[in-house]
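Input: a single structure, listed below in structure tokens.
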Amino acid sequence: MLFEPYVNEPFADYSDPDTLAAFKATLADVKTQLGKDYPLIIGGEAVTTGEWLSSFDPSHKERLVGRAAKGKAEHIERAFDAAYSAYESWSQVSMEKRARTLIRLVAIMRRRREELAAWEVFEAGKSYLEAIADVAEAIDFCEYYAREALPLAKPLPTYDYPGEENTTVYQPLGVGVVIPPWNFLLAILVGTTVGPVVVGNTVIVKPSPNTPIIAAKFMEMVAEAGFPPGVINLLTGDDADLGDALVDHPRTRFINFTGSVATGVRIHERAAKVQPGQAWLKRVFLEMGGKDALIIDETADMELAVNAAVVGGFGFQGQKCSAMSRAIVVDEVYDDFVARFKAATERLTVGPADENPDVAAVINERQFDKILGYIESGKSEARLVAGGEAADGDGWFIKPTIFADVPADATIAQEEIFGPVVAVMRARDFDHALELANSTAYALTGGVISKDRSRLERARREFQAGNLYFNRKITGALVGVQPFGGFNMSGSNTKAGGPDYLKNFMEMKTTTELF
Ligand code: NAD
């Protein structure tokens, strides 16, 4: 065995006073580093462009986390040149050597784990636990894909044929574009990059304009880990300059995207068009949004149900694709659930992320306005039970909000809000609950809180969700344990952290020799 057996990276226990004190010291240290400038990284070289993209702390609107260089059309061409040049040799490096490079990257990430988590608190408004969990997930992706890559170096088993030698092997695809979202700012960026890279592809990474600084930190570690120049290139900048241009580019071989359904569909359509000079059909991997439901029936452990709803609904301000944005509750226990959920939600603290409240700021002004717009439409569609407005402070704070009696066709029951807003829906019985759960275009995560075995088994078959959880919260999938990704408009089901993931970024070649 080349590597030790895979285990998930532990989080940290911030209820321990020493661990908490150490993290606060790291936060204070990182705070002194805010406001710096970061270049593009093309072919291993730092490139500045004269224009900057500013990243602000969502909890302190005026606090500059850093500035990232804005890439333009000319940098896209340079990045493709660098990635193609690196591909020639990187695609020929042994799988084992490439996997070892991921393990070296992990060693650096582990040394810097608290510091990286601190950057996440400032750049994205993560609580301490959410931040360290994201760093741990990034580590897991490297550890897991390094191990999963090794068997892919071997020829595939096929039947013999008399008089011939037949071999079938996997080979990488070429140069891909990686487009991650801001919400799991390190984990998804790292996972969607190192997956294709470990199997021999080279990439251009275009992070979300909301979180470019963590991407710059990642590139520092990439260089230290010894990835050859050009294997991973960083283009930060505006979507208007980089988004369509990278997707449309004839030299793009594949696109590894995670984000909203609107952007995903746009990429899907544009990437389908074969551009002049393009010599392949682009492969497109699109992991998109959710409108995830938790069913609570009359047999449910109510305390467990309420905890799952609070954590799943309001963890990281509801800004998770897996967030529980719908609680579907069977009539018999509906009023009891709503009362307890309201009480638990009103106990949540709201404040700046660096003070580690339960709920911090949403990512930016655009999302803040959009979420408040959904809250306004909720007020006319349903019954407001908790929150329903912005909270005081110097950041983009919104009170955790609950609507009850939400009709199945209400906007807030159908559209992804991506904020701290939960729709509670009344179901006549379990059958009706299941019908409501399956009544959106999304199918990402879902859950059932019930003690009834036959219902759980029915949900196992009939509840449409890529990640389905029974008697627990519906967020927090673990790499290698719960492969993550949905069905329908939630995406192309690449299942990040799953056993099929890496094969997406390879193609099979068969060679036949007649003796
Ligand atoms: P988004 O769609 O706004 O942006 C995602 C990425 O696409 C960003 O890097 C953005 O800069 C880029 N982009 C924007 N316009 C583009 C264009 N025209 N061409 C190419 N790229 C473009 O999404 P977001 O707000 O960053 O992330 C939140 C969304 O991501 C939510 O819908 C959430 O559910 C989803 N998400 C899904 C998963 C999953 O695994 N299914 C995981 C996390 C987040």
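Just so you know, all these numbers are worked out from the coordinates, no wet-lab data involved. Nothing here was measured: the structure is a model prediction, and the numbers come from that model. For neighbour counting, all protein chains shown are included, and Cβ atoms are generated from backbone atoms with ideal geometry for every residue, glycine included.
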Looking only at the stretch 440-450, decide whether some residue is of a type outside the set (V, I, T) and away from the ligand (no atom under 14 Å from the Cβ). yes
Is it fair to say A408 is small (G, A, S), free of Cβ contacts under 8 Å to residues at least 60 places away in the same chain and either assigned to a loop (DSSP other than H, G, I, E, B) or in contact with a Lys or Arg (Cβ under 6 Å, 6 or more places away or on another chain) (or both)? yes
Condition (residue is within 14 Å of the ligand (Cβ to nearest atom), more than 18 Å from the chain's Cα centre (by Cα) and of a type in the set (D, E)) applied to the stretch 207-229: is it met by at least one residue? no
Any chance the stretch 12-32 includes a residue that's surrounded by fewer than 17 Cβ atoms within 10 Å (Cβ to Cβ), of a type in the set (K, R), in a strand (DSSP E or B) and touching a residue at least 40 places away in the same chain (Cβ under 8 Å)? no
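Test A146 against the criterion of being over 22 Å from F257 (Cβ atoms) and under 21 Å from the mean Cα position of the chain (by Cα), and give yes or no. Even if it seems obvious, please write down each step before you answer.
On the way: over 22 Å from F257 (Cβ atoms): yes; under 21 Å from the mean Cα position of the chain (by Cα): yes.
So A146 passes the test.
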Members of the stretch 234-260 found to be out of contact with any strand residue (DSSP E or B) (no Cβ under 8 Å at 6 or more places or on another chain) and either outside any loop (DSSP other than H, G, I, E, B) or within 8 Å of the ligand (Cβ to nearest atom) (or both), listed by number: D239, A240, D241, L242, D244, A245, D248, S260
I'd like to check something: does the stretch 483-503 contain any residue that is of a type in the set (A, V, I, L, M), within 16 Å of the ligand (Cβ to nearest atom), crowded, with 24+ Cβ neighbours inside 10 Å and farther than 16 Å from F285 by Cβ? no
If you check every pair at least six apart or on different chains, which have Cβ atoms under 6 Å apart with a residue in the stretch 413-425 that is at positive phi first and a residue that is outside any strand (DSSP E or B) second? F418/Q319
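Please go through the stretch 191-210 and give me each residue that is farther than 15 Å from A69 by Cβ and out of contact with any Cys (no Cβ under 9 Å at 6 or more places or on another chain), ordered by number. Outline the logic, then answer.
Of the stretch 191-210, the ones farther than 15 Å from A69 by Cβ are 191-203, 208, 210.
Listed by number, the residues that qualify are T192, T193, G195, P196, V197, V199, G200, N201, T202, V203, S208, N210.
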Counting only helices (runs of 4 or more DSSP H) entirely within the stretch 74-165, those with at least 1 residues that are surrounded by 15 or more Cβ atoms within 10 Å (Cβ to Cβ) and among the hydroxyl-bearing types (S, T, Y) are 95-111, 128-149
Residue tally, condition within 11 Å of the ligand (Cβ to nearest atom), in contact with an Asp or Glu (Cβ under 6 Å, 6 or more places away or on another chain) and either part of a strand (DSSP E or B) or of a type in the set (K, R) (or both), over the stretch 271-324: 1
